[in-house]
1. Identify the single condition in (1) assigned to a helix (DSSP H, G or I); (2) buried (at least 17 other Cβ atoms within 10 Å of the Cβ) that ASN253 does not satisfy, given that it satisfies every other one.
2. Do you know which residues across region 314-335 are among the polar types (S, T, N, Q) and open to solvent by 50 Å² or more (accessible area, probe 1.4 Å)?
3. Test ILE406 against the criterion of being over 23 Å from ILE78 (Cα atoms), assigned to a helix (DSSP H, G or I), among the aliphatic types (A, V, I, L, M) and open to solvent by less than 10 Å² (accessible area, probe 1.4 Å), and give yes or no.
4. Are there any pairs, at least 6 apart or on different chains, whose C-beta atoms fall under 7 Å, with the first in region 87-115 and free of Cβ contacts under 8 Å to residues at least 12 places away in the same chain and the second among the aliphatic types (A, V, I, L, M) and open to solvent by less than 50 Å² (accessible area, probe 1.4 Å), and if so, which?
5. Sort out for me the helices (runs of 4 or more DSSP H) sitting completely within region 69-160 that have 2 or more residues that are farther than 28 Å from GLU239 by Cβ and open to solvent by 60 Å² or more (accessible area, probe 1.4 Å).
6. LYS219 - would you say it is within 30 Å of GLU109 (Cβ to Cβ), open to solvent by 70 Å² or more (accessible area, probe 1.4 Å) and of a type outside the set (Gly, Ala, Ser)?
7. Identify, by number, the condition in (1) in contact with a Lys or Arg (Cβ under 9 Å, 6 or more places away or on another chain); (2) modelled with pLDDT under 85 that SER169 doesn't meet.
8. Looking only at region 362-370, decide whether some residue is surrounded by 13 or more Cβ atoms within 10 Å (Cβ to Cβ), at pLDDT below 75, more than 24 Å from LEU68 (Cβ to Cβ) and under 28 Å from the mean Cα position of the chain (by Cα).
Amino acid sequence: MIPRRKHLSRLKEIGTVLARHGWGHIVARFGLAGMLRLRRRGIEPEVTPEPEHLLYILQELGPTFVKLGQLLSTRPDILPEPYIAALTKLQDTANTVPVDQIKSIIQEELGQPVESVFAYFDEVPLAAASLGQVHAATLHDGTQVIIKVQRPGITKVIDRDIDIMYMVSKLLERRWERVRTYAITEIVDEFAITIHEELDYTIEANNTDRLRAVLLHEKNARVPKIMWDIVTKRVLTMERIDGIKITDIERLNAAGFDTVQIADRLSAVMFKQIFIDGFFHADPHPGNILVTPDQEIALLDAGQVRQLDLETRTGLLRMVIAFEHQDTHLFTEVITEIGITRGEVNTQALSQDLEKVLRQFYNVPAQAMDIGKILIRVMDVSARHKIRLPVGFSVIGKVMVNLESINRMLDPNFNFTKAVRPYIARAVREELSPEDILTDSYRSLIDLKRLIFGLPDHLHQLLHKAVSGTLRIEFKHKGLEELESRLDKITNRLAFALIVGSTIIGSSIIVISNRQPTGILGLPMLGVAGYLFALVMGMWLLISIIRSGKL
């Protein structure tokens, strides 16, 4: 891989950060240490890196890598559990942007000065993250709002880093079989799509509106309204909701709130989204959840949401039911049905490994149940058996881990199983409702109709190819690639040996037939050249055989 010249300085920066945290051997392994001019003393011997160092590396490398870390924290099929645990601590914070630059972006996006849009604009930011900065403001009609403004130049930074990620991922896949198994380039694809969606605030505004519609009839939920006339790709304005951070137990108690009731309301709001609607807030960390004066659960920042397709939702329900009944066989069946396999899968071995994981939780008291941890462990086992579960499962695992952590703070005796069971039952009832059954039956009939009416045409094409002699049937032998490669090497060496032997014989004939004392040591030049050629080629053949260990 030859990096683009414009990326060399950034690649060197990345390599230096890796080396400083003890990961320089990764750079050296792929021959980039010399090209990036990294100091040799900064590259330590290959060791298993500590999870915390990955956290420091991502934070030091900036916003793109912080966002990448957030994505990887939902992928237990890629990283071991200790690294997942470390990445969940990754905080998306950044230095504040000077207010003059923020105002300049607002004026550029809205086509008018800040003073014309807002009656009041607080120059002290409420928060500063890797992609944007948040300020409080007041509209001319007195409405309290918050305005989220994209950081200047952030799109160029992210595009450059994603370009580098593609280059490195392709290099890793070419040189590292394990990386190729995990399809790292596809992960970069997913990340690129996700982060570019976050860079478009109109998408977040639409997500916020949709989330509010989903929770419209949930009396204990609140989602801010979007001020669409003050929304662009780089500026997002929404209703300001006042409240207490959900993990600020001291303030909640001081306000006289019932934290046990708040835990129940939070789980109800999230379970409805996941199991009933299939559209949910995918980043419910404490900073995105407030408790309003009316003890409503306010969900902020819908930059990360997830839509579950019907197959994933059905698979999730079946997995939960299988776990409830301690039916590992059904659990394994669901995994193999909805997962993407990479090669042959030994279902018996998969079932045994799942049994080892699940039985640790079967007899755990309901108050100590950790659904998010179960999902993460299941994805890890599936990955070891070359099965990749839908991305939605990893996101749900992360959401569940966050919910369980918050709810344990609000109510140490919170019964997660008891809280989720009504929503599982409701989801099953809705899936088996007459309307859904009728819809599924209609789809099946349509598919059957296409098959029946398309069959004569397919048969005609098949028979036509058979009669015309263009019908081909291909047989593919699996597991013979290594044997084929070895046979090729053996054949090549035999051919090489024959050429060397023929050269020696030909040279000898020339020497014997030419009795005149010419050339070198009285031997003809052509014969001597043939001997030298045979000597060099014979030595090369011998060395290659010795190096292969097959002598």
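The values are calculated or read from the model by the stated rules, or taken from the named source; none is laboratory data. Here the structure is a predicted model, which means the values were calculated and not measured. Neighbour counts run over all protein chains shown; Cβ positions are idealised from the backbone, glycine included. Protein only, heavy atoms only, side chains kept; ligands, DNA and RNA dropped before computing areas. Shrake-Rupley method; radii C 1.70, N 1.55, O 1.52, S 1.80 Å.
1. In the conditions (1) assigned to a helix (DSSP H, G or I); (2) buried (at least 17 other Cβ atoms within 10 Å of the Cβ), ASN253 misses (2) alone.
2. Matches in region 314-335: GLN326 only.
3. So ILE406 fits the description; yes.
4. If the second residue must be among the aliphatic types (A, V, I, L, M) and open to solvent by less than 50 Å² (accessible area, probe 1.4 Å), the pairs left are GLN107/VAL114; VAL114/ILE106.
5. The qualifying helices (runs of 4 or more DSSP H) are 81-87.
6. Here the answer is no, as LYS219 does not meet what is asked.
7. Only one criterion in (1) in contact with a Lys or Arg (Cβ under 9 Å, 6 or more places away or on another chain); (2) modelled with pLDDT under 85 is unmet by SER169, namely (1).
8. yes
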